[in-house]
1. When the residues of the range 85-108 are filtered to those that are over 19 Å from residue 42 (Cβ atoms) and loosely packed, with under 13 Cβ neighbours inside 10 Å, which remaining residue is farthest from the chain's Cα centre (by Cα)?
2. Residue 81 - would you say it is under 16 Å from residue 145 (Cβ atoms) and touching a strand residue (DSSP E or B) at 6+ places or on another chain (Cβ under 9 Å)?
3. Can you confirm whether residue 109 is more than 23 Å from residue 65 (Cα to Cα) and in the same structural domain as residue 85 (by TED's automatic domain parsing)?
4. Just checking, does the range 111-124 include any residue being surrounded by 16 or more Cβ atoms within 10 Å (Cβ to Cβ), within 30 Å of residue 42 (Cα to Cα) and modelled with pLDDT under 90?
5. So which residues in the range 28-84 are without any contact (Cβ under 8 Å) to a residue 24 or more places away in the chain, exposed (fewer than 15 other Cβ atoms within 10 Å of the Cβ) and within 21 Å of residue 174 (Cα to Cα)?
6. Among the residues of the range 164-172, is any in the same structural domain as residue 91 (by TED's automatic domain parsing), in a helix (DSSP H, G or I) and touching a residue at least 24 places away in the same chain (Cβ under 8 Å)?
7. Sort out which residues of the range 112-136 are touching a residue at least 12 places away in the same chain (Cβ under 8 Å) and part of a loop (DSSP other than H, G, I, E, B), and write them in order of number.
8. Any residue at all in the range 147-158 that's more than 28 Å from residue 6 (Cβ to Cβ), at pLDDT 95 or above and not in a loop (DSSP other than H, G, I, E, B)?
């Protein structure tokens with residue numbers, strides 16, 4: 001049921017999806033769908049929570065493990081890009097729905113395992129104090145890491161058109177970003 005709903009929500013968004021269409025995609029009747037999920041909003045929230053729960057561990061790793069900032073950047077770029085190659089719908093789906101309903105994320109923030117930036121910011125400050133990295137605001141570094149990894153997937157049609165590549169070449173470029181994005185970030189902060 002959730003897989004069918006994910007496909008429909010991904011294709012049509014929350015507002016464009018219809019419960020009957022989701023039931024048809026799942027191969028069940030609409031009454032059964034309503035039995036498990038009393039409304040389209042509750043079904044959507046279940047799909048969104050599932051999608052975000054796939055991404056949250058990636059964010060938690062970069063923010064809360066004990067590796068160096070350089071290792072965090074390298075691991076995040078490689079792991080995130082590999083993950084999104086397997087789940088290409090995720091970035092657009094999450095961004096589209098957060099723009100539609102920003103308060104939804106506030107509800108999720110109270111769930112265990114929701115990523116926080118406190119440890120990451122402290123580690124950035126510590127590595128600055130030790131002379132390992134250049135002075136940079138921890139939030140800005142985190143935003144840079146996210147932006148350089150998320151944007152190519154969110155803007156795939158734009159990027160493909162601007163640089164003149166088809167899907168196969170774009171996939172190669174994205175694969176290269178595992179190291180090129182990490183190198184770019186590290187070189188920008190390394191002393």
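The values are calculated or read from the model by the stated rules, or taken from the named source; none is laboratory data. These numbers were taken from a predicted model, which means no experiment stands behind them. Here Cβ is always computed from backbone atoms with ideal geometry, including for glycine, and neighbour counts include all displayed protein chains.
1. 99
2. Answer is no for this residue.
3. Working: more than 23 Å from residue 65 (Cα to Cα): no; in the same structural domain as residue 85 (by TED's automatic domain parsing): yes.
It is false that residue 109 is more than 23 Å from residue 65 (Cα to Cα) and in the same structural domain as residue 85 (by TED's automatic domain parsing).
4. Taking every residue of the range 111-124 in turn, at least one turns out to be surrounded by 16 or more Cβ atoms within 10 Å (Cβ to Cβ), within 30 Å of residue 42 (Cα to Cα) and modelled with pLDDT under 90.
5. 71
6. Yes, the range 164-172 has at least one match.
7. Hits for the range 112-136 are 113, 114, 115, 116, 117, 131, 132, 134, 136.
8. no
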